Amino acid sequence: MENSKVRNRSLMTLSLLFVSALQMGGMGLQPALADIAAAFPNVSTVWMQEMSNWPGFAMLFGCALSTLLATKISKKVLCQIGVGFVVAYALLGYLFHSSFIQLMMWQTVLGLGFGFLMPTSNGIIAENYDEAGRSWIMGIQDLFTNGGGMYLTLIGGFLAAKAWNCTYLAFLYALIPFILGCLFLPADEPAKESKEKSHLKIAPITWLFGIIIFVFINSYGVMGANISFIITERGLGSAALTGTAMAIFLVGGMAGGVIFNTFEKRLHEFVLCCGFIALVIGFLVIYFAQSLPVLFVGAFIVGTSIGFEMPGSLLYATNYNTVEASTAGCAVVHMAGQLGTVCSALFYTPVAGLIKPNDTSFRFLFAAIVCTILAVLVGIAVAIVRKKKLA
């Protein structure tokens with residue numbers, strides 16, 4: 001699909017990939033949480049931990065708002081507004097941080113930015129790339145998304161050593177995609193509004209992809225929520241090694257994104273089963289691991305799963321929808337994924353606890369069993385969808 005308004009396709013692609021590197025921005029403050037807690041001793045530990053998740057709540061509203069605004073404002077402008085919010089977050093957090101309420105306000109700004117930039121950047125991809133091009137770029141997106149998460153945690157940790165509010169400055173990286181976007185994202189027209197609101201009329205199959213990413217992210221969250229407990233309970237090392245495990249986990253996500261296109265060409269929609277299979281294998285490796293190297297292998301395998309599931313869900317949310325409705329379709333996937341993040345600990349920890357209370361290791365075994373069932377169900381659902389598509 002060619003767009004005459006594209007000035008430089010390679011630089012447009014690079015702009016979109018740099019935008020995707022912002023999508024794990026919720027991790028950015030994690031290196032400074034202990035110092036922030038020390039600066040606000042009257043704030044409960046629960047609220048301190050909630051800081052990392054809060055952008056996800058705001059993102060839900062941002063996704064809904066950007067989708068509704070799609071008939072009034074172009075996707076390029078909406079995406080740039082989202083990236084601009086991230087730049088504003090960096091400056092506001094660095095300059096104004098005298099109260100915890102202020103910090104939560106800036107977390108809200110960050111989440112709204114995600115809600116604007118995520119679905120609209122995918123809408124731009126749907127409008128400017130054919131099906132094969134979408135498959136390639138959405139796979140590579142995961143390389144940049146996980147790479148961005150590693151950058152924010154590593155550079156954020158370095159800056160936090162100077163002063164915890166300096167951590168916010170890591171987000172000034174958003175100036176790169178903001179400038180590139182202004183120069184090289186195509187100047188598209190807003191989605192045409194009609195009585196039927198065609199830009200909101202997503203294909204019913206989109207909800208299936210939303211459900212798949214919801215249950216996937218719900219299971220994927222078991223890793224981050226429990227890996228530090230596994231390391232300390234088994235005496236494999238200090239809690240500081242959790243950072244190493246999470247870095248390897250993110251590298252796995254980068255690797256999954258690189259190989260996504262190859263798998264998608266051969267498996268098509270069945271590639272959505274691969275993410276669950278990777279979770280099963282990775283969780284079982286972690287469950288049986290009695291040494292750090294083996295545990296790190298498990299973390300890497302679990303990480304690769306996101307490289308199949310997220311680009312796959314977004315790819316089919318665009319392929320099964322019209323170009324006009326693709327932004328709304330991607331918004332459904334992103335919102336479903338965020339709800340999965342929120343619900344992960346609410347499901348796996350208490351349900352696994354009903355069988356084996358206070359047993360961290362069992363959560364990984366339980367998650368592996370659940371993901372095996374989900375892989376089969378997703379395979380059946382995909383088979384039905386493909387049969388109808390090819391009929």
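The values are calculated or read from the model by the stated rules, or taken from the named source; none is laboratory data. Quick caveat: nothing in here was measured; it's all calculated off a predicted structure. Neighbour counts run over all protein chains shown; Cβ positions are idealised from the backbone, glycine included.
Just to check your reading of the model, which residue among Phe214, Phe229, Phe260 is in contact with a Pro (Cβ under 6 Å, 6 or more places away or on another chain) and touching a residue at least 24 places away in the same chain (Cβ under 8 Å)? Show your work before the answer.
Details: Phe214 fails: in contact with a Pro (Cβ under 6 Å, 6 or more places away or on another chain); Phe229 fails: in contact with a Pro (Cβ under 6 Å, 6 or more places away or on another chain).
Only one candidate passes the filter, namely Phe260.
For the range 3-21, the criterion of being modelled with pLDDT of 75 or more, polar (S, T, N, Q), surrounded by fewer than 20 Cβ atoms within 10 Å (Cβ to Cβ) and closer than 25 Å to Met104 by Cβ is met by none of the residues. With respect to the conditions (1) under 16 Å from Leu279 (Cα atoms); (2) more than 23 Å from the chain's Cα centre (by Cα), Cys371 lacks only one, and its number is (2). Asp35 falls short on exactly one of the conditions (1) under 23 Å from the mean Cα position of the chain (by Cα); (2) at pLDDT below 95, and that condition is (1). Taking the conditions (1) of a type in the set (Gly, Ala, Ser); (2) under 19 Å from Trp207 (Cα atoms); (3) surrounded by 24 or more Cβ atoms within 10 Å (Cβ to Cβ); (4) at pLDDT 85 or above in turn, Gly340 satisfies each one other than (3). In the range 172-191, the residues that are in contact (Cβ under 8 Å) with a residue 12 or more places away in the chain reach residues that are among the acidic types (Asp, Glu) with C-beta atoms within less than 6 angstrom, at least six apart or across chains, in these pairs: Ala191/Glu324.
Residues in the range 232-253 that are touching a residue at least 40 places away in the same chain (Cβ under 8 Å) and either in the same structural domain as Thr71 (by TED's automatic domain parsing) or over 18 Å from the mean Cα position of the chain (by Cα) (or both): Glu233, Arg234, Leu236, Gly237, Leu241, Gly243, Thr244, Ala245. Taking the range 32-135 as the region of interest, the helices (runs of 4 or more DSSP H) fully inside it that hold 2 or more residues being over 22 Å from Gly157 (Cβ atoms) are 45-68, 75-95, 100-128.
Applying the selection to the range 100-114, what residues are over 15 Å from Met24 (Cβ atoms) and either touching a helix residue (DSSP H, G or I) at 6+ places or on another chain (Cβ under 9 Å) or basic (Lys, Arg) (or both)? Steps first, please.
So in the range 100-114, the residues over 15 Å from Met24 (Cβ atoms) come out as 100-106, 108-109, 112.
Phe100, Gln102, Leu103, Met104, Met105, Trp106, Thr108, Val109, Leu112, listed by residue number.
Here Ile306, Ile384, Ile301 are screened, and the one residue that is assigned to a helix (DSSP H, G or I), at pLDDT 95 or above and on the phi < 0 side of the Ramachandran plot is Ile301. What do you reckon, is Leu69 buried (at least 23 other Cβ atoms within 10 Å of the Cβ) and either closer than 27 Å to Phe214 by Cα or not assigned by TED's automatic domain parsing to the domain that holds Thr327 (or both)? So Leu69 fails the test.
Comparison of Gly115, Gly139, Gly157, Gly123 shows that the only residue that is buried (at least 22 other Cβ atoms within 10 Å of the Cβ), at pLDDT below 85 and small (Gly, Ala, Ser) is Gly139.
Annotation: of all residues in the range 351-382 being touching a residue at least 12 places away in the same chain (Cβ under 8 Å) and small (Gly, Ala, Ser), the one that is surrounded by the fewest Cβ atoms within 10 Å (Cβ to Cβ) is Gly379.
Taking every residue in the range 296-315 that is in the same structural domain as Ala336 (by TED's automatic domain parsing) and pairing it with any residue that is at pLDDT below 90 and of a type in the set (S, T, N, Q), at least 6 positions away or on another chain, the pairs with Cβ-Cβ distances below 7 Å are Pro311/Gln141; Leu314/Asn122; Leu315/Ser135.
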